[in-house]
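To start, the structure itself, in structure tokens.
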Amino acid sequence: MTHSALASRYASALVDVATGPKAGVDPHELLREVRGFEEVLAGSAELRTALSSPSVPPARKRAVVGAIGAKLGVSRVARNFLFVLTDHRRIGMLTEVLETFDLLLDERLGFTRAEISSAREMDDRQRDVVSHEFERLTGKKVRMRFAVNRELLGGLVARVGSTVYDGSVRGQLQALGKRLAAE
């Protein structure tokens, strides 16, 4: 099984637990908690090595994960998930698992994602208009990520899943050029 497929299996299992009737924790809060542990892990090469090493006894790894989790105030669900990753020596996949979890959670909750690039910063009113338009187009609630792309002359480019909507000036000029060349 590939690394990505494995990360997807762990993420999917966590989504099932987080959205289940007995979760007892908000899925977004769970993500925040585990991301907090991820930050601690990223800041310590020694910790990453200890949690990944087969020479460190599993009980010792659990004690360390439990102590860090207690200090961070993570929920039982988050702590148990970190134990599973540690027990199976998959803690090195935590970042990929969390990225996949975030995507799968949005999917489960009926959201789609859109990445919007514009030539300049958009104000709140413009963002709302774009957001409403993409919700109308997709028929789903949309989580928008906005970025400025100085290479654009004007307009915007949006990516929703694998679909790209090019409303940039450059894109419109290229489309016009293609139509003229075809005539």
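The values are calculated or read from the model by the stated rules, or taken from the named source; none is laboratory data. This structure is a prediction, so every number in the text was calculated from the model and none was measured. Cβ placement follows ideal geometry from the backbone for every residue including glycine, while neighbour counts extend to all protein chains displayed. Note: accessible area is taken over every heavy atom of the protein model, side chains too, but ligands, DNA and RNA are not part of it. Shrake-Rupley method; radii C 1.70, N 1.55, O 1.52, S 1.80 Å.
Compared with the direct C-alpha span, the chain from ARG150 to ALA13 gains 45.3 nm at full extension, assuming 0.36 nm per residue. A simple rule links phi to the HN-Hα coupling: the Karplus curve 6.51 cos²θ - 1.76 cosθ + 1.60 with θ = phi - 60°, which for the stretch 138-155 gives 8, x, 10, 6, 10, 9, 9, 10, 9, 9, 9, 10, 5, 6, 6, 7, x, x Hz, with x for Gly and Pro.
Between VAL129 and THR95, what FRET efficiency comes out of the Förster formula 1/(1 + (r/R0)^6) with R0 = 41 Å and r the beta carbon distance, rounded to 0.05?
Values: r = 34 Å, r/R0 = 0.83.
The pair THR95/VAL129 has a calculated efficiency of 0.75.
Given a 1.4 Å probe and the protein chains as shown, HIS132 ends up with an accessible area of around 120 Å².
Heavy-atom surface analysis with a 1.4 Å probe gives the stretch 83-183 a carbon and sulfur content of 49 percent of its accessible area.
Most tightly packed first, judged by the mean number of other beta-carbon atoms within 10 Å of their residues, the peptides 137-147, 16-26, 88-98 read 88-98, 137-147, 16-26.
Entry comment: accessible area of the chain is 61 Å² per residue, from protein heavy atoms only and a probe of 1.4 Å. Accessible surface of the stretch 1-69, 1.4 Å probe: 59 percent of it comes from carbon and sulfur atoms. Shown here: semi-axes √(5λ) of the Cα gyration tensor in Å, derived from the displayed model; of the candidates [x] 28, 18, 16; [y] 35, 22, 14; [z] 42, 18, 15, it corresponds to [z]. For ARG143, nonlocal amide neighbours, meaning residues 5 or more places apart or on other chains whose placed amide H falls under 5 Å from its own, are THR112, ARG113, ALA114.
Give me the number: length gained by fully extending ARG170 to THR138, i.e. 0.36 nm times residue separation minus the C-alpha to C-alpha distance, one decimal in nm.
Gain on extension, ARG170 to THR138, equals 9.1 nm.
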